[in-house]
Structures are given as structure tokens and as C-alpha cells.
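Nothing in this text is a laboratory measurement; each read-out follows from the coordinates by a stated rule. Source: prediction; values computed, not measured. Methodologically, a virtual Cβ is constructed for each residue, glycine included, from the backbone with ideal geometry; neighbour enumeration extends over all protein chains shown.
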Amino acid sequence: MSYDLYKYLRENTKGFSELAAFPVADLLFGVRRSSTSEGAQSYPGEFVSGNYLTIFGIRAYIGRTLIPADDQPNAPPVAMMSYRLWQEKYGLDPSVVGSVFDVDGKPFSVVGITPPGFFGDSLRSSPPDFFLPLNTGPYVETDSDLNKVDTHWLELIGRIQPGANPASIEAEMRVELKQWLRSHWSDMSANDRARFPEQTLYLGPGGAGITSMRQRYEHWLLILMMVSAFVLLIVCANVANLMLVRGMQRRQQTSLSISLAPRKASPLAYRGQ
């Protein structure tokens, strides 16, 4: 989704109590603590909407979480740090909260630490160590434009209101998608206009987060499983043939042994006169 479409869906969809956004791509930030002379090191991070942690029911381990007020244009730049990095790099030093860190050369105040065991929204090899509000994106990356309607860089996840019907919400969001696209008809390329009838969206279960790794590798894993099953079938066939050949050889050896074995004389019974 684009940021503009995310805001439109968030403001107009009635079935969600919360609708949060975060980027599709994994990001790396160069980070250093401003009060030290150490050089910047690369850490995985993520731009997130101000309600991102709320939607997961996450509270800060110490300090506070990001809030919608942090995710506004010209709001003071703040960030949250992961418990893992806080433990491994800073030895659980409580003074980290409230300290200023340079993120790609821009100062951010760390307002809180995420709880242990929270690794973000997706299954990934490098979970985020820093969470920054979406609206700080242009502040960190000066060449980025948050409001470009043709930049589709966000994933969405929502918390459905109690008693709401997911199918009804999906149908409502499809109508809203068409409405939003029509309102940006003049911004669309000829190719996008030609594809307008195809545009739709689907809701899926979000309890396990965004399974981007599964989506990325599912096709190749399926092929690998099929190849492995085929190889296993060949191996089983070869083993069966080998056992059959050995069985036939043993049968011949057994028959030969029986034919060459000396026969014992049958006992005779005598009756005395």
C-alpha cells in the first residue's frame, strides 16, 4: 500500500479498532550513541505507524511505546530499541532510555525498550532493533516522499472490532480501494489505468504476523519437497530391487545347499522273534 492509501483505509474502514502499517522491505540504519565517540554500526530497523505497538498489545519494558502523536509531521524524532540490542550492546543500562542516538546521521531520542520476546511483525533472520515513526522517514531519508501515491511500500495489519465480520470488512475495503483509485485517476499511468479492473485486496489471518519469508520461499520449498520425494521414491525402488535380487540369490543358494546335503538313512524297526 502507499501511505496515502493506508490513511484512507484507516480513516474510512469501520470494522477495525486499529489499522497499522509498516514497510515491506527490511531496512538497515547506521546508528551510534551521540554521547560517545564510537563509530556508527548497522542495525536492522523499521518505520512503523504510531499505533503499531498498540495493535500487538505491546507495552514498553521500560520507558514508553511509540504513540500516534509521535507519528505526525514535525513531531520530535523518537525511537524504540529492542530488548535484545539493549541487553547485548548496552548491558541493560537504564540510561539508554532518554539518550540521543544518531540514526543515519539524524538525532533520535530513545523513549522506550520493547519487551523480551517481541521480534516485530514478520518471521525474519534479522528482527528490527529500532522502531521509528513512519513520518520520520523523510527526515532520515531526505530523498523520500511519504505522500507519493504511486509508491507502494507498506504492509497493513489490523485488529478487528469484536463481533465484526471479516468478509464484510473485506468487501468494504475493496469498495474503498476502487474509490481511492478513482480519486487518483489523473496520477495513474496508462498501464495502471488499464489494470484498474484487476485491482482488489484480500484479508488474511494476522495472528502470526506477516509471513513474508513463507511467501518468498513457499514456491521453491514446494519444488524442493517434490524433488526430495521423487529422489526418495527412486531410492526406495532401488532398495526394493536390491532386496529382491538378494532374495533370489539366497533362494538359489538354499536350493543348492539342500540338494548337496547328505541324506540320512531312514531308521528301520525290527521286531524280535
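A crude spin-label estimate for the pair residue 109 and residue 123, with each label 7 Å from Cα along the Cβ direction, gives 3.9 nm. Applying 1/(1 + (r/R0)^6) with R0 = 25 Å to the Cβ-Cβ distance of residue 33 and residue 150, what FRET efficiency is obtained, to the nearest 0.05? Working from the Cβ atoms, E equals 0.10.
Taking a straight Cα-Cα cut-off under 28 Å and skipping sequence neighbours fewer than 8 places away in the same chain, the lysines within cross-link reach of residue 89 are 106.
What length, rounded to one decimal in nm, is gained on full extension from residue 203 through to residue 143, with 0.36 nm per residue of separation minus their alpha-carbon distance? Mind showing how you got there, number by number?
Numbers: separation 60, 0.36 × 60 = 21.60 nm, distance 3.22 nm.
So the extension gain works out to 18.4 nm.
Summarising the overall dimensions of the stretch 38-137 from its C-alpha atoms, the Rg and Dmax are 12.4, 35 angstrom. Counting every other Cβ atom within 10 Å of each residue's Cβ, 246, 84 order from fewest to most as 246, 84.
The Cα center of the stretch 1-79 and the Cα center of the stretch 151-211 differ in position by 21 Å.
Once Rh is set to the Kirkwood radius over Cα pairs, what Stokes-Einstein translational diffusion coefficient, in µm²/s, holds for the stretch 1-205 at a temperature of 37 °C and a viscosity of 0.692 mPa s? Don't skip to the answer; put the middle values down first.
Working: Rh = 18.3 Å.
D, rounded to a whole number, is 180 µm²/s.
Over the stretch 1-62, the hull volume per residue, using the convex hull of the C-alpha atoms, is 126 Å³. Note on residue 14 and residue 240: their simple-model spin labels are 6.2 nm apart, each label 7 Å out from Cα toward Cβ. The ranking of 130, 47 from fewest to most other beta carbons within 10 Å of each one's beta carbon is 130, 47.
By the rule of a C-alpha distance below 14 Å, with chain neighbours fewer than 8 residues away ignored, the aspartates and glutamates paired with residue 148 are 4, 187. Of the trypsin sites (Lys or Arg not before Pro) found in the stretch 137-203, those in coil by DSSP whose Cβ has at most 13 other Cβ atoms within 10 Å are 148, 195.
Counting every other Cβ atom within 10 Å of each residue's Cβ, 18, 38 order from fewest to most as 38, 18.
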